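Only one structure is covered here, and it is reproduced in the block below.
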Amino acid sequence: MQFLGENQIPFCIVFTKADKLGSSKLNKQITSYKKKLLQHWETLPTSFLTSSATSLGRDEFLSFIDGVNEDVAKDFK
């Protein structure tokens, strides 16, 4: 992640299997992870909470990928 950020390569963090934990425990773990990242990052990368079982976050994540692909394609024109 450090390399990607330093080189301005677009990326995101995807928290998967959101259906496996209770929402309280899930939020606690995500908050803890983000707090650790902020020790080294000025701003956090975009993140998504997903579950393939419930399709949670699917559309938002796919839209993000489409947007990144469009941005990258513009750089090659």
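Give the number of residues within region 48-67 that are of a type in the set (G, A, S) and surrounded by 15 or more Cβ atoms within 10 Å (Cβ to Cβ). Steps first, answer last, please.
Within region 48-67, the subset of a type in the set (G, A, S) is 51-53, 55, 57, 63, 67.
Filter once more, so that each one left must be surrounded by 15 or more Cβ atoms within 10 Å (Cβ to Cβ): 51, 57.
The qualifying residues number 2.
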Selection count where residues are more than 13 Å from the chain's Cα centre (by Cα) and either surrounded by 12 or more Cβ atoms within 10 Å (Cβ to Cβ) or within 30 Å of K74 (Cα to Cα) (or both), scope region 30-42: 2
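Where a number appears in this text, it was derived from the coordinates with a stated rule and is not lab data. This is a predicted model, so every value here is computed, not measured. For neighbour counting, all protein chains shown are included, and Cβ atoms are generated from backbone atoms with ideal geometry for every residue, glycine included.
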